[in-house]
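Structure, as C-alpha cells:
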C-alpha cells in the first residue's frame, strides 16, 4: 500500500498524504519516506479545519522522528523539484 500512497501523495492527493503519514507514524514504511511525507504535508492546503489540525499533528509527529536539518530541508524544498 505504501508505494501507491506515495504515488498518490506525490500527485497532490491530500487523503493519501494524510494516510501515508499515519502509516509512517505507526512504523509502517521506511524512515526514508519521512522527509517526503513531511514536505507534502507542509505544502498541503485545506479549508477544512479538522483536516488542518490533523495535518499539524502528523507534521509534529514526523518532526520528532527526523533531525532538524532534514525538517528544515523539507520546508525549503518546492513541491516540483
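The values are calculated or read from the model by the stated rules, or taken from the named source; none is laboratory data. From a predicted model like this one, the values you see are computed outputs, not experimental measurements. Neighbour counts are summed over all protein chains in view; Cβ atoms, including those assigned to glycine, are modelled from backbone coordinates with ideal geometry.
Just a few scattered comments:
- Of the criteria (1) under 15 Å from residue 1 (Cα atoms); (2) more than 11 Å from the chain's Cα centre (by Cα); (3) at pLDDT 95 or above, which one residue 20 fails: (2)
- Of 26, 6, 54, 65, all but one fail to be modelled with pLDDT of 95 or more and either buried (at least 19 other Cβ atoms within 10 Å of the Cβ) or out of contact with any helix residue (DSSP H, G or I) (no Cβ under 9 Å at 6 or more places or on another chain) (or both); the exception is 26.
- For residue 53: the one exception among (1) under 11 Å from the mean Cα position of the chain (by Cα); (2) free of Cβ contacts under 8 Å to residues at least 40 places away in the same chain: (1)
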